[in-house]
Every structure is written in C-alpha cells, then in structure tokens.
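Heads up, the thing below is written out as structure tokens.
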Amino acid sequence: MSEPADRLLRIATRGSAQARTQAEVVGASLAAAVDGLVVEYVLVETLGDRRADEPLHSMGGQGVFVKDVQRAVLDGRADIAVHSAKDLPSAATAGLRIGAFCARRDPADALVGRSLERLGHGATVASGSVRRRALLMTMRPDLHFVELRGNIHTRLGKVPADGSIVMAVAALETLGLADRVAQRFDESTFVPAPGQGCVAVECRADDAAVGELLGAVDHAPTRAAVEAERAFLAELGTGCSLPVGAYSDGTSLIGFLADPERRHDGGAWWVRQSVSLAGARDADAASAAGLARTLQAVLGQPAGAPQA
C-alpha cells in the first residue's frame, strides 16, 4: 500500500508504559506499511488512571480505560485509538469502529511471586480482577485476596511477602518482563478476559481512508477469535461486576462465569463450559451467545442485564 508523502496519523493512547509501547508497535507497523506516513502520539489520561486507588468494579468496570481515549478520536484530536482489547466494552461506541485486532500475544494469566503450589495456606494474593479472584477460589479457596491497582511496574512492586500477584502474560511480555512469571496458567482452565492479549485499534466510523490503512495491522484469525469472545460478553451484558472469562482458539470457545456471593449457599457458584465454532462470524456469534445463556442458566443469573 502506498500513500501520498508526509501523511500524518495521530494515535491516541493512555500514557502508561504498556499502553505507549502497544501504540508505538502499531504506529511502527503502519509506518512500515505506508510510504511517507508520519506518526504522532496523543497521550490521554483516563478515568481509570485518575482514580487509580479505587477498585475497578466500583467504577463500572469496562470502559474506564478507553472512553477518554475514544473521545480524542471523536473530537478530532486523534485519528485512531489504540487499546488493550480486554478493556473495550462489548457494545460498539457510536461514531467509532474497530478497524483492527492486532495479532494476539500470549492470552494467559500468570502468578508473579510464588507459584500456586508454593503458596502457603491462607497466603495473600493481590488482584483487582474479580475474574482472577474467582478462578483462584476454584483452585485454592483458602487464599486471602487484596486489591491491586496501578501500572505494571507499580503492581510488580506490591508482591505480598510470601504471596503473589496475578498479571497478564502479554502485559509482561510487552515490557520485556516475562522473566517475572512464577506460574503461567493454562487458558483452557484459567479462562482469560475476553480479548486478553490482543491490541484493538479504533477509528471514526466514517473515515474510510484510515479504515483502509488499518487493514495493514488487522489479523484475521485474532479478529475471529476475539469477536466470538466479545459476543459471549455482550450476551451476558456485564462489565466487571461478575467474574467473566472467555477464550477462543479459533475452533472452540470456552466460557467462565461465577457468582462468588453464592459460594456458601450449597449450590453451584461457578461454571466453565465450551462450544465448538464454525468459523463463520454470524454462526460463531450465535454459538457464543448460546454458551452465555447456558452458563447463566446454570447459575440462575438473569439474562441480558444492562452493561455498565
């Protein structure tokens, strides 16, 4: 693809080291694909950054790291917005479209500090994710959980004595910190957040030129997998209020749903199931929605709750 010389592309991103690095990888890839493309970065402080001491679920969960970045594109300060796909609400944002799902990194979660077998009875694990806490409860109900917020380096400085924190492997890889992993969890059992490990790029819905440009970094297999995961989340209609996980390898979709408030009522409080995918967008979205309804039925959850 070739474009006129000195074309400017403004990329909006959060200012954290991980977000900047992700945006710079996208920018470098686009610049390599388009002759004369000049890339500038627009750093944006989000609600999640401004309220870094509050638990994510108390702020409504999804959207707290993306809405301000999206606004920079909608109001013309930037041409595209680069996000961690797991931070994007499953509902489309008016005026924007996802022009690219970049090739996925490792989607798994990991413990930093001690591995699960080396954590003593009642050991402390820090995580701000209700999904990660619920998944660990299914394995080690004795663990003690505390909140964890902040950028990657801040979180790595908060590993409890004789305990662990939970991190996304992709986030550590992005900053060259994968050597900090004490235990990588298999994504088929410790189900990741929908879109985890993928970088998503949004542009204005009516900007055909930029939409075409983003085709250079759109990865079809990743798009198919993440769209199935997002269809699962959309059917549930939840942000981060309930523990939700979804992971597709392209041939199947694994879903996880839990209600930790029901742990002591004698009934099922979590469920993990999978469904085969057909490789067609509409069919896979229907299968994902069906899986979500099945999991809700097992837990007795109301279907289609409004999304935060």
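Using only alpha carbon pairs under 8 Å that are at least six residues apart, calculate the relative contact order of the chain and give it in whole percent.
On the way: 657 pairs, mean separation 60.6, N = 308.
Once divided by the residue count of the chain, the mean separation gives 20 percent.
Once phi is turned into θ = phi - 60°, what whole-Hz ³J(HN,Hα) does the Karplus curve with 6.51, -1.76 and 1.60 give for every residue of the stretch 15-27, x standing for Gly and Pro?
These are the phi-based 3J(HN,Hα) values: x, 5, 4, 5, 5, 4, 4, 4, 5, 5, 5, 4, x Hz.
Would you mind working out the magnitude of the charge dipole of the chain relative to its Cα centre, with +1 at each Lys and Arg C-beta and -1 at each Asp and Glu C-beta, to the nearest 20 Debye? Before the final figure, lay out each step's value.
On the way: 32 positive and 37 negative charges, 156 e Å.
Here the chain has a charge dipole of around 740 debye.
Within a Cβ distance under 13 Å of Pro260, other residues only, what is the Lys/Arg minus Asp/Glu net charge? Walk me through the intermediate numbers first.
Numbers: positive: Arg131, Arg132, Arg133, Arg262, Arg263; negative: Asp259, Glu261, Asp265.
Net local charge, Pro260 excluded: +2.
How would you classify the stretch 109-184 from its alpha-carbon gyration tensor, with a ≥ b ≥ c the square roots of the eigenvalues: rounded for a/c under 1.5, else prolate if a/b is greater than b/c, otherwise oblate?
Verdict is prolate for the stretch 109-184.
Which whole-angstrom value gives the distance between the alpha carbon centres of the stretch 63-134 and the stretch 159-190?
The stretch 63-134 and the stretch 159-190 have Cα centres spaced 15 Å from each other.
Give the dimensionless ratio obtained when the Cα radius of gyration of the stretch 232-299 is divided by 2.2 N^0.38 Å. Provide the component values of the computation, followed by the final result.
Values: Rg = 12.4 Å, N = 68, 2.2 N^0.38 = 10.9 Å.
Working it through for the stretch 232-299, the quotient is 1.13.
Using Cα springs under 10 Å in a Gaussian network model of the chain, which residue among Gly150, Gly76, Gly163 shows the largest mean-square fluctuation?
Gly76
Values quoted throughout were computed directly from the atomic coordinates according to the rules given, and no laboratory measurement underlies them. Here the structure is a predicted model, which means the values were calculated and not measured. When we count neighbours, we look across all protein chains shown, and the Cβ atoms used for this are built from the backbone with ideal geometry, even at glycine.
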